[in-house]
Amino acid sequence: MAMEIKKNEKFTVRIEDMSDTGAGIGKVDGYTWFIKDALIGDVVEASAMKMKKNYGYARLVQVLKPAPGRIPARCPAARACGGCQLQELSYEEQLKFKENKVYNHLRRIGGLEHLYRSQDRERAAGDPDAVVMEPIIGMEHPWRYRNKAQYPIGTDRNGRLTAGFFAGRTHSLIPIPDQDCLLGCEENKKILKAVLSFMNENRISSYNEETHTGLVRHVLIRKGFSSGQLLVCLVINGKKLPHQERLVEMLAALGADSISLSINQEKTNVIMGTEIVNLYGPGYIEDDIGGIRFRISPLSFFQVNPKQTERLYGTALEFAGLTGGETVWDLYCGIGTISLFLAQKAGKVYGVEIIPQAIEDARENARNNGFQNVEFFVGKAEEVLPEQYETKQIHGDVIVVDPPRKGCDQACLDTIVKMRPERVVYVSCDSATLARDVKYLGQFGYEVKRVRPVDMFGWSVHCECVVRLERKILKSKK
C-alpha cells in the first residue's frame, strides 16, 4: 500500500500525466506521486520526500526510460532555476501539454461539456452545441524571446558578486551560467557583466534580503525588439549610487539608450520601488507592436514577448468582430496596448486601469499614434463602468478583459452582466481562473463560441488564451 513507502525510500514509477506546474504525476498501488522534472512517458526512479493521505511528493533520482519527448536542457541551470519548468520537454510536446491544460480547465472547471480539441473534429460534428478549440499559436523561435529581464544581484558560495534567478518557490539565488539566460536578449549578458564589473571596481555591495543591508538589489533590462533600444535600471536600497557617472559611461558605451535608478528601501519582495531617478537618456524606450508605437518606462507593464503579443492581440481583435461603429470597453487596459489595437476598427474605445502611471502612459501612447477615438479612466472597472453607464449612458457593444492571474474581480463580472454587451473577449494568462469566470458568465447567458491558446512563454508551464463569448438573447429592439 501507499504508506509502505517511507521518507527517503526509492521506488520506480511510470509518469502518466503532468500537473499545471509541470511536475510529473505517477501512481504506485493507487497512490499518487508528484515528481518535479519528470515528464509524461518517463519511467523514473524517485525518492519519497513528503507524504499526505492521498498523494505525496518525491525527488527525481534518475530517468530509467526517457519519454519520447525528452530532450537535453540547453541551460545547465534549468532544473535549479525556477524559470524554465519544461526545458527538458521538446517544444512540440510543450504545445500539446499547454493545449491540454487549457482544454481540461475549461471542461472541468468551466463546465464546457461541448468543447472539443481540434483533433476531435469528427466527434464534434455530431454535437450541435460543439465548440472546437482552435490550435495553439506557437512560436517560430522559442529562444531569446523576452524583451524584459529582472536579475537579482547577490553573492555566490565563494562570496563573489553574481547575477541570477531565484530557485522555484524560494529566495535562494541560482547564478546564471556565464551571466547569459537563453530566454533573454543577447545584450543582457554584456550589460550584466558591466554592472558586476562596476560594482567590483567601486566596492559596491549587493543587497542582503535577510539583513536588509547592501545596496544593489536588482538589474532591470528592457529591449525594444523593433527599435533596438535598450533600457537599464538598477534597483537600489538607498538614495544614490556611488560613482554612478562611471556606470553611465560604461553602459552608454554598450548601447544603453536610457539608464536609471529605482529607489526601493522597503523590506519587501516587490522588485521595483515607486521612485525612479533618471541618469541618462529620455527615461524610456519605444517599441512597435502591430504598427503601433509604445513608450516603455521602467515601471510600464508591457508584454514580455513582442512577437507573440502581436498574435495574441490580433486574435483578440479578430474575436471582437468589430465593423467600425462599436463602442468597446477595455478593462485592465494597462498602458493601452489592446485598447489601441481595438481602436483601429472600433467606433470608440474606453480603457480602464487602476494604476495612474499606466493610464498616463496609455494617454501618451494614444496621442503619439494619433488615435482620437480612445478615452482612458483611472479606477476600478466595477466603479468606473456603472458611473459612466448611469451618468453618461455610455454602453458597451463589446467588453474586452485582460486581468491578472487571479482573474476578474466578482464585482467586475457583475458589472459586465449589467452592461449586457453583445460580446465579451476574455484574454487570460491563467486558464483555471478563466474557466471559473467563463462558468459564471455562462449563468447569465454568455456562451463560449471561440477558444484559442497562445504560447507566450516557451519552456515554462504558462499559457495565454483568448475566448469569445456571445450573449444568447440579443438586445430587444425599441
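Of all residues in the range 416-444, those being open to solvent by 10 Å² or more (accessible area, probe 1.4 Å) and in contact with an Asp or Glu (Cβ under 6 Å, 6 or more places away or on another chain) number 3. Against the list (1) assigned to a strand (DSSP E or B); (2) open to solvent by 40 Å² or more (accessible area, probe 1.4 Å), the condition residue 239 fails is (1). Within the range 117-146, the residues that satisfy the criterion of being among the hydrophobic types (A, V, I, L, M, F, W, C), within 30 Å of residue 87 (Cα to Cα) and touching a Leu at 6+ places or on another chain (Cβ under 7 Å) are 133, 136, 143. Would you mention how many residues in the range 330-342 are part of a loop (DSSP other than H, G, I, E, B) and touching a residue at least 60 places away in the same chain (Cβ under 8 Å)? The qualifying residues number 3. The single condition among (1) part of a helix (DSSP H, G or I); (2) touching a residue at least 60 places away in the same chain (Cβ under 8 Å); (3) open to solvent by 50 Å² or more (accessible area, probe 1.4 Å); (4) not hydroxyl-bearing (Ser, Thr, Tyr) that residue 312 does not satisfy is (3). Restricting 278, 269 to residues that are outside any helix (DSSP H, G or I) and touching a residue at least 40 places away in the same chain (Cβ under 8 Å) narrows the list to 269.
Scanning the range 186-198 for residues that are open to solvent by less than 10 Å² (accessible area, probe 1.4 Å) and either more than 10 Å from residue 251 (Cβ to Cβ) or free of Cβ contacts under 8 Å to residues at least 12 places away in the same chain (or both) yields 188, 192. Residues in the range 160-208 that are of a type in the set (Asp, Glu), under 30 Å from residue 23 (Cα atoms) and modelled with pLDDT of 90 or more: 180, 186. Across the range 242-266, the qualifying residues are those that are of a type in the set (A, V, I, L, M) and assigned to a loop (DSSP other than H, G, I, E, B), and the one among them that is nearest to the chain's Cα centre (by Cα) is 256. If you filter the range 113-126 down to residues that are under 19 Å from residue 446 (Cα atoms) and out of contact with any Asp or Glu (no Cβ under 6 Å at 6 or more places or on another chain), you find that the one that is most open to solvent (accessible area, probe 1.4 Å) is 113.
Among the conditions (1) open to solvent by 20 Å² or more (accessible area, probe 1.4 Å); (2) free of Cβ contacts under 8 Å to residues at least 60 places away in the same chain, the only one that residue 327 does not satisfy is (2). Among the conditions (1) within 18 Å of residue 388 (Cβ to Cβ); (2) open to solvent by 10 Å² or more (accessible area, probe 1.4 Å); (3) of a type outside the set (Phe, Trp, Tyr), the only one that residue 344 does not satisfy is (1). Residue-level analysis places residue 349 outside the set of residues that are buried (at least 22 other Cβ atoms within 10 Å of the Cβ), more than 19 Å from residue 326 (Cα to Cα) and modelled with pLDDT of 95 or more.
Counting only helices (runs of 4 or more DSSP H) that sit wholly inside the range 365-478, those with at least 2 residues that are in contact (Cβ under 8 Å) with a residue 60 or more places away in the chain, small (Gly, Ala, Ser) and closer than 22 Å to residue 115 by Cα are 431-442. Of the residues making up the range 207-234, those that are open to solvent by less than 20 Å² (accessible area, probe 1.4 Å) and free of Cβ contacts under 8 Å to residues at least 60 places away in the same chain number 3.
The values are calculated or read from the model by the stated rules, or taken from the named source; none is laboratory data. Everything numeric in this text was worked out from a predicted model, so none of it was measured. Neighbour counts run over all protein chains shown; Cβ positions are idealised from the backbone, glycine included. All accessible areas refer to the heavy atoms of the entire protein, side chains included, with ligands and DNA or RNA removed. Shrake-Rupley method; radii C 1.70, N 1.55, O 1.52, S 1.80 Å.
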